[in-house]
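The structure appears right after this line, and notes come after that.
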Amino acid sequence: MNITYLIGNGFDISCGLKTRYVDFINEYLEVESDDPDIRNFKKLIADDYCTWSDAELAFGQLTEKIESATKFRKCFRDFLIGLNTYFTKQEASFDCDAISNEESTTFLAGLKHFHVLLKEESKEILEACVGNGDRNHVTYNFIIFNYTGLFEKILRCSIPENSNDLGSIQIGTKEYPCLLGSLEYAHGSLSSPPLIFGVNDPDQISHSILRNNRQLIQTMVKPIESHDTRLNAYNRCKKMIQESDIICTFGMSIGATDSTWWNEILTRLSKNDCANLLIHQWNLECNKTLAGDITRETRKCKNKLIKSAKVDFEVVTGVKNRIHVLINENPFHISMHV
């Protein structure tokens, strides 16, 4: 049985790193530039600050205000160089040596026991799917959407060196040995550039003329960037999803700029009646003691996923009951060693 985790920026944030785009932008805007185009670019960000909480989508909208492809690429490049420097500093601020043995044990237990926080109905659905087949072990794979390597570092220091043995897990009435599988960075990492940053498709570039500019598309449409510069890693990530029995997301925003991946996931669920998706959703305004809050947040999360995935109705049919939403749960419990 293959379990694939998709790890997003929410993991780094939960560990105390200030890696929200607005954290970087606050620092980026304070850096003075001699270039008038960069100064104008920073003014546009400051004037529309709230939009830049999702910087990738904001760049697509920015094309309406910077109509020159040359100027746009200059600003885009300056932003990414600054982002790389900022994230490098943030990653270095975390002291992995300060992680206790107890934290490592809790981290690994939370990772393996992905299903224990599910409500009863979801557990029954998942356990029925797992029991429908001849499976003798569980392999854990990881697709990292962060640019930092923090998750991998914590994972590596939580298991014996040069070992892929993660112990065992009980699902239903059966116990399974757990093995460490593959780990890939969907959009590159600080230690394995280039970094893939931008929108999911040309339709998310607002300006109609720039939408058809080949150089600009190659610069900021992520699937095309990935195909041009990280094709093997891109294909390995897709293959992981296509072979997954259970997919878990943590710290992912389910945004439109990652539509390709949400489409892959829902397509996998539609093609395999035993595949399940677990989404860790974070919203502090949702009160877990109120049934109405849980129902609304769960529905909102599933609808956002389906919208972002851009799938046909036929794909969604029969899939929703195998999408399980866990709200405001953190199975990893890593302290903020920054």
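The values are calculated or read from the model by the stated rules, or taken from the named source; none is laboratory data. Predicted, not measured: the structure shown is a model, and the values here were computed from it. Heads up, the Cβs are rebuilt from the backbone with ideal geometry, glycines too, and the neighbour counts pull from every protein chain shown. We work out accessible area using only protein heavy atoms, side chains counted, and drop any ligands, DNA or RNA first. Shrake-Rupley method; radii C 1.70, N 1.55, O 1.52, S 1.80 Å.
So the values come out like this:
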| quantity | calculated |
| --- | --- |
| Set of aspartates and glutamates near Lys65 by C-alpha distance (under 18 Å), chain-local residues within fewer than 8 positions excluded | Asp35, Asp37, Asp47, Asp48, Asp54, Glu56, Asp78, Asp203 |
| Potential lengthening between Lys239 and Ser192 on full extension [0.36 nm per residue; Cα-Cα distance subtracted] | 14.9 nm |
| Relative contact order for region 255-321, counting Cα pairs under 8 Å that sit 6 or more residues apart, in percent | 55 |
| Nearest-0.05 FRET efficiency for Leu29 and Thr105, computed from C-beta distance (R0 35 Å) | 0.25 |
| Asn303-Ser206 FRET efficiency (beta carbon distance; Förster radius 22 Å; 0.05 resolution) | 0.35 |
| Rounded accessible area of His333 (nearest 10 Å², 1.4 Å probe) | 110 |
| Gained length - Cys157 relative to Ser53, 0.36 nm times residue gap less alpha-carbon distance | 34.2 nm |
| Alpha-carbon Debye profile of the chain, log10 I(q)/I(0) at 0.07, 0.09 Å⁻¹ | -0.30, -0.51 |
| Pairwise Cα inverse-distance average, inverted: Kirkwood Rh of region 26-137 (Å) | 18.8 |
| Across Lys288/Lys320; Lys119/Lys320; Lys18/Lys119, pairs whose alpha-carbon gap is larger than 25 Å | Lys18/Lys119 |
| Cα-centred dipole magnitude for the chain, charges only on beta-carbon of K, R (+1) and D, E (-1), debye, nearest 20 | 760 |
| Cysteines in the chain lacking a second Cys C-beta under 4.7 Å | Cys15, Cys50, Cys75, Cys96, Cys157, Cys178, Cys237, Cys248, Cys286, Cys301 |
| Relative frequency of Cα-Cα separations exceeding 18 Å in region 78-155, percent | 63 |
| Two-site FRET efficiency, Glu64 against Gln170, from Cβ-Cβ distance with R₀ of 56 Å, rounded to 0.05 | 0.55 |
| Region 230-338 pair-distance distribution - Cα-Cα, 10 Å bins, rounded % | 13, 43, 32, 11, 1 |
